[in-house]
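Notes follow the structure.
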């Protein structure tokens with residue numbers, strides 16, 4: 001079932017007298033319970049597209065439906081679990097208090113009650129943070145903080161998770177580890193995920209569908225269905241099917257770049 | 001062989017664990033590392049300062065009208081301690097009420113101005129005007145308007161507190177982490193929720209930093225206002241004793257003011273340590 005429909009949207013940014021065309025005629029359909037990645041060079045508007053879906057920005061033209069309603073309506077119904085680039089943890093709250101945050105605001109939109117904190121604790125344990133429930137963010141490493149941010153989105157009861165380059169601030173080793181943890185959690189919970197990334201390998205490893213974008217103006221150059229078996233683990237990255245997808249997307253990005 | 005064993009044993013018994021226990025306890029008591037040299041060193045400095053002062057007055061036989069000996073000052077102070085305490089209470093009340101009022105008004109102003117550039121552009125110049133006008137110049141005016149009672153002193157203490165608190169609250173309310181802000185927006189949090197969950201806690205380090213200066217400024221404000229016209233308070237005493245050249249009594253009143261300043265700033269620091277447990281400025285254990 002198609003859950004998110006983006007129909008021919010455009011977006012321009014005006015800064016002083018300079019106009020940047022961030023998105024032109026972009027349309028995608030996202031099925032419920034699928035993992036979709038947006039990939040492309042910097043400035044291709046992939047983050048903007050994510051933010052428009054999440055109701056954090058509005059499109060100039062076109063139409064977006066999230067479960068049949070507008071992004072703002074979906075937002076007020078707390079349909080989104082947002083994971084920004086840097087972990088948006090509140091420093092004066094402990095890990096578990098940060099997990100509770102999505103339930104404390106916009107109460108009329110929340111059908112869930114904080115009884116779910118058992119689920120929150122379970123999720124934290126599954127990413128190795130079971131002993132840090134009462135720790136403050138300053139006591140955690142960057143990778144641990146971002147894991148809390150991701151797990152919080154899963155535990156918030158939101159059906160759609162919007163991740164805006166959540167691993168970009170992490171080192172390579174941490175990044176890889178969290179990628180495996182994310183795929184494990186996702187395969188258990190099967191939420192609808194829109195995932196913005198720079199990393200081709202990451203996109204292929206995680207996604208059901210990859211939206212390859214090009215820049216100036218931001219447009220979709222191809223949508224690739226990733227037909228790799230699940231559950232996925234690090235062994236998948238050694239297989240030739242996986243490599244073929246990586247090469248294919250690399251080719252698409254290079255093609256655009258050479259033009 | 002046995003000597004190495006001994007060395008090992010020594011090392012084990014001198015492990016940091018054994019020492020850590022009393023340390024943690026002291027840290028909890030005093031809200032800091034609990035290192036005794038932190039308290040002994042300042043105490044020694046004071047003893048040396050006042051000891052030298054005492055010796056200089058005695059050895060050179062300094063005229064008490066110029067500089068009384070600390071022992072004389074303490075004798076005068078404790079011979080009539082209730083009297084000094086009563087006047088200190090008056091000044092303390094003026095300063096603390098003034099500080100609270102000034103802080104309260106500054107927070108309201110900070111909320112309004114951090115949410116609206118229009119209000120900031122209209123109201124901030126007025127606040128600047130109030131802050132650059134010397135308090136000494138405003139005090140006599142307020143005495144004429146409001147009399148010799150506590151009110152003009154409270155107003156002066158409030159004015160002197162207001163501006164630093166205002167500027168810091170605006171900064172604190174505004175300088176929020178963009179990721180945290182967007183996260184709340186993605187949950188459709190309203191402005192009040194964003195204020196209570198994000199802006200207000202975010203401003204606390206700024207507000208405490210301003211409080212540490214303002215609390216002693218408010219005492220200055222109260223004393224200056226008392227000079228302009230009053231019948232009570234330490235400022236009133238200092239002026240009176242100065243007119244009669246009663247140096248020891250005057251020093252006793254000054255000492256009371258100094259102690260009041262130390263107690264108030266220490267109190268603010270203490271509350272800050274408790275309130276900002278999460279902030280890097282109070283992060284002593286993890287360095």
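The values are calculated or read from the model by the stated rules, or taken from the named source; none is laboratory data. Here the structure is a predicted model, which is why all the values come from computation and not from measurement. Glycine also receives a Cβ, built like all others from the backbone with ideal geometry; neighbour counts cover every protein chain displayed.
Points to keep in mind about this one:
- Residues (in contact with a helix residue (DSSP H, G or I) (Cβ under 7 Å, 6 or more places away or on another chain) and modelled with pLDDT of 90 or more) located in region B:34-61: B:50, B:53, B:54
- Residue match in region A:153-174 (condition: assigned to a helix (DSSP H, G or I), crowded, with 17+ Cβ neighbours inside 10 Å, without any contact (Cβ under 8 Å) to a residue 40 or more places away in the chain and in contact with a helix residue (DSSP H, G or I) (Cβ under 9 Å, 6 or more places away or on another chain)): yes
- Looking across region B:188-200, the residues that are without any contact (Cβ under 8 Å) to a residue 60 or more places away in the chain and in contact with a helix residue (DSSP H, G or I) (Cβ under 9 Å, 6 or more places away or on another chain) come down to B:188, B:189, B:193, B:194, B:197, B:198, B:200.
- Options B:230, B:218, B:203; residue that is touching a helix residue (DSSP H, G or I) at 6+ places or on another chain (Cβ under 7 Å), within 15 Å of residue B:98 (Cβ to Cβ) and modelled with pLDDT of 95 or more: B:218
- Any helices (runs of 4 or more DSSP H) falling wholly within region A:35-107 and containing at least 3 residues that are in contact (Cβ under 8 Å) with a residue 12 or more places away in the chain, within 14 Å of another protein chain (Cβ to nearest Cβ) and within 16 Å of residue A:155 (Cβ to Cβ): A:95-104
- Which numbered condition residue B:277 fails, given (1) at the interface with chain A (Cβ under 10 Å from one of its Cβ atoms); (2) assigned to a helix (DSSP H, G or I): (2)
- Region B:65-75: number of residues that are surrounded by 12 or more Cβ atoms within 10 Å (Cβ to Cβ) and not in a helix (DSSP H, G or I): 3
- Of the residues making up region A:189-202, those that are within 19 Å of residue A:1 (Cα to Cα) and assigned to a helix (DSSP H, G or I) number 1.
- Search result, residues across region A:131-149 that are assigned to a helix (DSSP H, G or I), out of contact with any strand residue (DSSP E or B) (no Cβ under 9 Å at 6 or more places or on another chain) and surrounded by 13 or more Cβ atoms within 10 Å (Cβ to Cβ): A:132, A:137, A:138, A:139, A:142, A:143, A:144, A:145, A:147, A:148
Quick grid of which residues meet (1) crowded, with 22+ Cβ neighbours inside 10 Å; (2) outside any helix (DSSP H, G or I); (3) in contact (Cβ under 8 Å) with a residue 24 or more places away in the chain; (4) at negative phi:
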| site | (1), (2), (3), (4) |
| --- | --- |
| A:204 | yes, no, yes, yes |
| A:212 | yes, yes, yes, yes |
| A:222 | no, yes, yes, yes |
| A:230 | no, yes, yes, yes |
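- Residue match in region A:141-148 (condition: over 30 Å from residue B:278 (Cα atoms) and within 15 Å of the chain's Cα centre (by Cα)): no
- For region B:233-253, residues that are in contact (Cβ under 8 Å) with a residue 24 or more places away in the chain and either outside any loop (DSSP other than H, G, I, E, B) or more than 25 Å from residue B:157 (Cα to Cα) (or both) total 11.
- Of the candidates B:50, B:78, the single residue that is assigned to a helix (DSSP H, G or I) and loosely packed, with under 15 Cβ neighbours inside 10 Å is B:78.
Here is a yes/no grid of residues against (1) touching a residue at least 40 places away in the same chain (Cβ under 8 Å); (2) surrounded by 17 or more Cβ atoms within 10 Å (Cβ to Cβ):
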site: B:57; (1), (2): no, yes
site: B:63; (1), (2): no, no
site: B:84; (1), (2): yes, yes
site: B:92; (1), (2): yes, yes
site: B:95; (1), (2): yes, yes
site: B:101; (1), (2): yes, yes
site: B:106; (1), (2): yes, yes
site: B:132; (1), (2): no, no
site: B:138; (1), (2): no, yes
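- The condition (being out of contact with any strand residue (DSSP E or B) (no Cβ under 6 Å at 6 or more places or on another chain) and under 27 Å from residue A:94 (Cα atoms)) is satisfied by just one residue among A:154, A:195: A:154.
- For region B:178-190, the condition holds for no residue, the condition being that it is within 20 Å of the chain's Cα centre (by Cα), surrounded by 20 or more Cβ atoms within 10 Å (Cβ to Cβ) and under 29 Å from residue B:273 (Cβ atoms).
- Yes/no for residue A:26 being away from every other protein chain (no Cβ under 12 Å), surrounded by 17 or more Cβ atoms within 10 Å (Cβ to Cβ) and under 30 Å from residue A:121 (Cβ atoms): no
- Residue that is farthest from the other protein chains (Cβ to nearest Cβ), among those in region B:159-187 that are free of Cβ contacts under 8 Å to residues at least 60 places away in the same chain and more than 28 Å from residue A:166 (Cβ to Cβ): B:163
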